[in-house]
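Since the structure comes first, as structure tokens, the remarks are kept for the end.
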Amino acid sequence: MNDSPRAILHIDADAFYASVEQAADSRLRGKAIAVGGTSRGIIASASYPARARGVRTPMPTSQALRLCPNLIILPGDFEKYERFSQLLFAYAFDLTPEVEICSIDEGYLDLTHQPQPPRDSMRWLSQQVESELKITISQGLATNKFCSAVASKLKKPANQIEVPAGEERAFLSPLPVRWLPGVGSKTEPRYLQAGLHHIHQVADLPLSELEKIAGSSAPSLQDFAQGIDPRPVIPTSPDPKSFGEQETFATDQIDETYCLAVMRAMVDRLCRKLRATGLAARTLTVRVRYRDMEDGMRADSLPEPTPLESEFYPFLQTLLRRCWTRSAPLRLVGVRLSNFHTVLPQPELALTGLPQKSATEKLQLADATDQVRSRFGNQAILRGHDLWLQRKRSAGESEGDFHSQPSKK
């Protein structure tokens, strides 16, 4: 039995979207640039020269420009970011097959059983990424996932921090309590009011007292505060790569309006699933099947990922018509959302007073409707196409067979 401590490496790309743009265009290197601000109205990523001027994510573009008038704002190119992410993790897989990809720019490597010393692997990975991809990564090496993640984020950019075995608690001890999992901007005030400003205070507090603040999560929170985290690195993410639904009609359909209403309702449900899992999708795929079982399929991608169904609606009719090329009725329609990204955090304050609702306000509205449906049922709030479908079906148009399809393909 091998009792040697684990060697867990956490990698976190520095200002990833902005860094990729600078890697792709040398004229941007060393300048204050930001990605985003075009369709969302907020900054998605800012270079470190921009951060030195106060630009942060998420931040309204107007505020970023006031802080940094010479800020270069670029639209997001998510296909490019996905390619760079694949290359980044290809270098990680050169070191070990035990790689857990957490997001497009962040992941864990378990180096425990690799022949090369973990410190050398950390150094090699940093050098390869910087020389070949022209971006930098910050890394934390520790005996567990939590300590390694904190270490990688502590002194960005391009840092390499190692937490020696046995020093996990001492490493975490002086850090502010907000570094603990689950302690964010909304919950931190509770800890501060209780006099818990630093992690060592949470680590030393009697569990019964901590439960008054953290509730049922107190035991795991105190373990983290004491530097204890037995979670394994999981090489294959359990998260699906796409969400999809399809419906087989009871009667073959020639009514485009009806098919579109069915697909809109599918997109509604899929986007609720995205929001529930903290994801956003960039690609919409529409599939049709004729009565002779021949299929048609077309896809299109948004410039930026979104968890909002209204962003996908305009694509449905075009994709349906590109699929439905034969003068024949349809037996089945389906939609699928893919190319997932973590939902970008939203600004604390909504951008009010604009002619149209901001991305923040739209997401707040979607979250609110999700909560109402969760509490009172799916019929509590209906869109126009939902009511239209109900009338059609009550008039004799029966529902077909419905299938929801999370996929890992």
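Annotation for the stretch 83-105: no member residue is outside any strand (DSSP E or B), surrounded by fewer than 21 Cβ atoms within 10 Å (Cβ to Cβ), in contact (Cβ under 8 Å) with a residue 60 or more places away in the chain and of a type in the set (K, R).
For the stretch 268-298, which positions are of a type in the set (D, E) and under 30 Å from T369 (Cα atoms)? Within the stretch 268-298, D268 is the sole residue that qualifies. Remark: pairs (first residue in the stretch 213-228, over 17 Å from S173 (Cα atoms) and assigned by TED's automatic domain parsing to the domain that holds C147; second residue surrounded by 15 or more Cβ atoms within 10 Å (Cβ to Cβ) and of a type in the set (V, I, T); Cβ separation under 9 Å; 6+ apart in sequence or on different chains) are absent. Pairs linking a residue in the stretch 176-193 that is buried (at least 16 other Cβ atoms within 10 Å of the Cβ) to a residue that is among the aliphatic types (A, V, I, L, M) and not in a helix (DSSP H, G or I), with Cβ atoms under 6 Å and 6 or more positions apart or on different chains, are V177/V183; V177/L196. Summed over the stretch 124-151, residues that are in a helix (DSSP H, G or I), under 25 Å from P230 (Cα atoms) and not aliphatic (A, V, I, L, M) total 4. Looking at F171, is it aromatic (F, W, Y), modelled with pLDDT of 95 or more and either surrounded by fewer than 22 Cβ atoms within 10 Å (Cβ to Cβ) or touching a His at 6+ places or on another chain (Cβ under 7 Å) (or both)? The answer is yes for F171. Only one entry in L221, L207, L270, L192 is over 22 Å from A149 (Cα atoms) and either in contact with a Leu (Cβ under 8 Å, 6 or more places away or on another chain) or acidic (D, E) (or both), namely L270.
Screening G227 with (1) small (G, A, S); (2) at pLDDT below 90; (3) in a loop (DSSP other than H, G, I, E, B) gives one miss only, at (2). When the helices (runs of 4 or more DSSP H) confined to the stretch 153-209 are screened for residues that are touching a Phe, Trp or Tyr at 6+ places or on another chain (Cβ under 9 Å), those reaching at least 3 such residues are found at 199-204.
Taking the stretch 242-344 as the region of interest, the strands (runs of 3 or more DSSP E) fully inside it that hold 1 or more residues being polar (S, T, N, Q), more than 18 Å from the chain's Cα centre (by Cα) and at negative phi are 242-253, 279-290.
The values are calculated or read from the model by the stated rules, or taken from the named source; none is laboratory data. The structure presented is a predicted model; accordingly, all values stated were derived computationally and were not measured. Because the Cβ atoms are built from the backbone with ideal geometry, glycine has one as well, and the counts that use them run over all protein chains shown.
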